[in-house]
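Read the figures in this text as sums done on the coordinates, not as results from a lab. The model shown is predicted, which means the values in this text are computed figures rather than measured ones. Cβ sites come from the backbone with ideal geometry, for glycine too, and all protein chains shown count toward neighbours.
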Amino acid sequence: MRNPSILLVDDDEVYIYVTKKILANMSDDISVKSFNDGEQAIEFIQTCTQENNPLPGVILLDINMPYLDGWGFLSEFKKLVPKLSEKEVNIYMVTSSNDPHDMERAKEFEQVTGYVVKPVFEDKLAEILTDVYDENW
Amino acid sequence: MWRNILKTAIALYIPLLIFSLYWGYEQKQSLIQGMGIIQQRNILNKSYHLIDQSINLISITSFWSDINFPEAFSKTNPLDATFINNYIRIMQGYPIYDQLRFIDLHGEEVLRFERIARDSMAPKQPQNKIDRDYFKRGLDLERGQVYVSPIELNKENGVIEVPHRPVLRGVTQIFDGNDVQVGLAVVNFNMDNIFSFMKSRITEDNFFLLDTDGRIITSNLDFNTLAHQNKMTPKDSSIQKRLELKNLIFKKDTFFMENGSLWTYQNVRTGYERDVGMNRYAGMAEIVSDNDWAIVQEIPPTYIRSRLDTIRKNLILFNVLTLGVIGLIGFGYAHTQKEKRNFVAQLKRKNKELLASKAKLHESNKLVERSNEQLRVRNKQLEDFNYVVAHNLKAPVSSMNIIVDLLSKSPDQKTFEELFPKLETISSNIQTLTDDVQTYVSILNQRELELENVNLLLKLKDVEKDFVERLLDEEQQNFTIEYHFDEWHALKCNRFYMRSILHNLLSNALKFRRPDVKSHIIFETAWEDGKKVLYVKDNGLGIDLERHGDNLFKLYKRFHRDVSGKGMGLFTVKSQLEAMDASITVDSEVGVGTTFKIKFNNS
């Protein structure tokens, strides 16, 4: 069983800082990586597949971002799916919007595992990690 | 219109009028022709009668030349009474015998019988006729010849007998048993009977018997026979004058109209029976005569008029009926036309009303459409606002929640020091956000936007000043701004919004130019569906519409990492345009350029 790894994609730097802090408090074993927009994140994923680096098991994806937003990231990610060595990438949409439109749209992507409305507290993060890694984190 | 109908009616009527007049003329001619022919027959009969009678007289006269008279009778040696009495008895039965005289070669009447009553003749005192023309002509006769005198009024002892008695004298030589001429037999024939037959009328015709010189021998207009031989009364003169006709100059058998009368002329030719080869008068005595009679008959204007009356009446009746029918047709036509015009006028009016209602409906529809469109835009704006609230406004709040939560869980100094600056960041973010949202909301809530005529070129020149430093910068030298405002150059809009829009678009073109090419931006006006359209084209970096198309006009969206900006420009442009009832669309290709199309719906 691989180590839990989480990728945070969000342009809200406060959110990134706080989430990282919470995750650090929860466990030392969780590797956390972050990007401020979808474009950087997808470039990272591409690099990982090219260099056969391990992919993060969990991606917490914001919707509203500059350059490439959450939806844009999902479209690009979809194209990469056949090339992925590890299938187990769980994408959670994390957004401050509880707009039902966004929720509906998220369901259209089979790659999306869950939909989380901010603020994301510790228990929510724990729930996600448990879902993905059972108790092994 | 009435004038047209009148014209048509006249056009219809004139040919009919001409036809009817022609027809009337033909009828008249044919009537006159018919009358003329009848008249001609009538006077031919009269002429035959006259000739017949004359021949009869000649035969009677001729009879005496075949009688063997006793020798040498004279005044002193009268004829034997028994010789003559037998003849006298026969003569008495012929009323035509007016006088019978035997005149010796010296002009002395040897015997003279005169008719004293209808069936009785009596001897009278002989007279001397040596000076009379007929005596002289008689002496010149040869045996078998008969001299026929002109018709004259009878004279006794050189005086015209009263009452006038028109006579014709037959003169022939008489001989004794040895064929020695003993004198002349002169028979006076009373022409009254013959004349009275000839004077008979078949219509109202006037009859004239003329002599060689065209003088009237007798006429049925007057009792006065042979007026010219006596003293002519004014009436006789006027009757004679009537016959001075142009058409009579040639004395040919004919009929003609002159002075309103129908005239028929017939020469009485005594030799006609020979001409026609009749043997009725064969073996007749040779006639010596100066007579050259002619018969003229006149149908007076009154009678002709009375006969033409029927034709005239028919003509009038025909014309009246024709006019009536044409009038009725004209009236009917006019009536129909009027109704038609009324109908057309009514149709036109209704059509107009319909068109007016249609226009009204169309206008209302347009208004409804317009309102619908505005509502649609408004709805979209609300959605956008909702999006902004959901995504942009909630984000810092949720971050703050987390921080507050963390602080409450571990309220130690270290954590506080760590997290406090983050709260400051959030606070400043919220400040920026609320400012931007306020701008946005102010655009959304602008209900009565002040619209005025804005000259696009002037406005653009004004906007250019905002970038004067960047445009003058050496690096920016190869950036050109072009204007194509041929189609239109001014429009009704809010000048502040318009300035902001142009500013943002020009700013974007400057920001996102390709450094490796000579850059430009083109502002071009056009018309589409009757609406004003402004194209803003650049040859800059371009945007991947497949990736970013949805977000292009959204708040805080940025598409070029290495170009500064907070993602507010196009969002504001779109909001301001929608507030002015305009729409913006984009067409772009990465590495080629971007074209914005602004459509002003209220233009």
**Message:** I'd like the distance between the alpha-carbon centres of region B:89-164 and region B:451-471, rounded to an integer number of Å.
**Reply:** 152 Å
**Complete:** Quick calc: nm separation of the 7 Å Cα→Cβ label points for B:I67 and B:V180 -> 2.0 nm
**Request:** With a point put 7 Å past each Cα toward its Cβ, work out how far A:Q40 is from B:I316 in nm, to one decimal.
**Result:** 12.6 nm
**Prompt:** Of all the stretches in chain A, which is the longest one without any exposed loop site, taking trypsin sites (Lys or Arg not before Pro) in a DSSP loop (any state but H, G, I, E, B) with at most 16 other Cβ atoms within 10 Å?
**Reply:** A:3-86
**Prompt:** Residue-wise, which Karplus ³J(HN,Hα) couplings in Hz belong to region B:577-584, taking 6.51 cos²θ - 1.76 cosθ + 1.60, θ = phi - 60°, and x for glycine or proline?
**Reply:** 4, 5, 5, 9, 6, 10, 10, 10
**Asked** What residues qualify as long-range amide H neighbours of B:D292, i.e. H under 5 Å apart, gap of 5 or more or another chain, H built at 1.01 Å from N?
**Response** B:T212
**Message:** What is the sum of charges, Lys and Arg at +1 and Asp and Glu at -1, for the other residues whose Cβ falls under 14 Å from the Cβ of B:E373?
**Reply:** +3
**Message:** Along its three principal axes, how long is the protein assembly as shown when you only count alpha carbons? Whole Å, largest extent first please.
**Reply:** 218, 56, 43
**Message:** Pairs of alpha-carbon atoms within less than 8 angstrom and 6+ residues apart define the contacts here; what relative contact order does chain B have, in percent?
**Reply:** 10 percent
**Request:** Just flag the GluC sites (Glu not before Pro) in region B:61-169 sitting in loop per DSSP whose Cβ has no more than 13 other Cβ atoms within 10 Å.
**Result:** B:E71, B:E142, B:E161
**Request:** Take the Cβ-Cβ distance between B:D466 and A:E51 as r, set R0 to 45 Å, and report the resulting FRET efficiency rounded to the nearest 0.05.
**Result:** 0.40
**Fill in**
Between B:N478 and A:E122, the FRET efficiency computed from the C-beta separation at R0 = 45 Å comes out, to the nearest 0.05, as 0.20
**Complete:** Going from the fewest other Cβ atoms within 10 Å to the most, one would list B:I55, B:I295, B:I116 as B:I116, B:I55, B:I295
**Positive-pole candidate from B:I287, A:F109, B:G144, dipole of the protein assembly as shown, charges at beta carbon** = B:G144
**Prompt:** Going highest first, how would you order B:309-317, B:585-593, A:53-61 by mean Cβ packing within 10 Å?
**Reply:** A:53-61, B:585-593, B:309-317
**Request:** Quick one: pull the percentage of alpha-carbon pairs in chain A with a separation above 22 Å.
**Result:** 32 percent
**Prompt:** With a sphere of radius 9 Å drawn around the Cβ of B:L570, what net charge do the other residues whose Cβ falls strictly inside it have (Lys, Arg +1; Asp, Glu -1)?
**Reply:** +3
**Fill in**
Here region B:187-196 yields Karplus 3J(HN,Hα) values (6.51, -1.76, 1.60; θ = phi - 60°; whole Hz; Gly and Pro given as x) of 10, 8, 9, 6, 8, 3, 5, 4, 4, 4
**Asked** How many nm separate the modelled label positions at B:E161 and B:K380, each set 7 Å beyond the Cα in the direction of the Cβ?
**Response** 14.6 nm
**Item:** By average C-beta atoms within 10 angstrom, highest first, the peptides B:90-101, B:228-239
**Value:** B:90-101, B:228-239
**Degrees, to the nearest 10: B:413-445 long Cα axis against longest axis of chain B** = 10 degrees
**Fill in**
For peptide B:543-551, the mean count of other chain Cβ atoms within 10 Å per residue Cβ is 3
**Request:** Restrict the search to region B:387-495; then list the GluC sites (Glu not before Pro) that DSSP places in a loop and that have at most 10 other Cβ atoms within 10 Å of their Cβ.
**Result:** B:E448, B:E450
**Number of partner chain Cβ atoms within 10 Å, mean per residue of B:414-425** = 2
**Request:** Please work out how much length the chain gains when fully extended from B:A334 to B:E524, using 0.36 nm per residue of separation minus the C-alpha to C-alpha distance, in nm with one decimal.
**Result:** 62.1 nm
**Prompt:** Just for the protein assembly as shown, what percent of DSSP beta bridges are antiparallel, to the closest 5?
**Reply:** 75 percent
**Fill in**
With x for Gly and Pro, the residue-by-residue ³J(HN,Hα) of region B:393-405, computed from phi through the Karplus equation 6.51 cos²θ - 1.76 cosθ + 1.60 at θ = phi - 60° and given in whole Hz, is 7, 6, 3, x, 5, 5, 4, 4, 4, 4, 4, 4, 4
**Request:** Kindly state, to the nearest 0.05, the FRET efficiency for A:D134 paired with A:A24, given R0 = 25 Å and r defined as their beta-carbon distance.
**Result:** 0.75
**Asked** If you project the alpha carbons of chain B onto the principal axes, what extent comes out on each, in Å, largest first?
**Response** 219, 48, 43
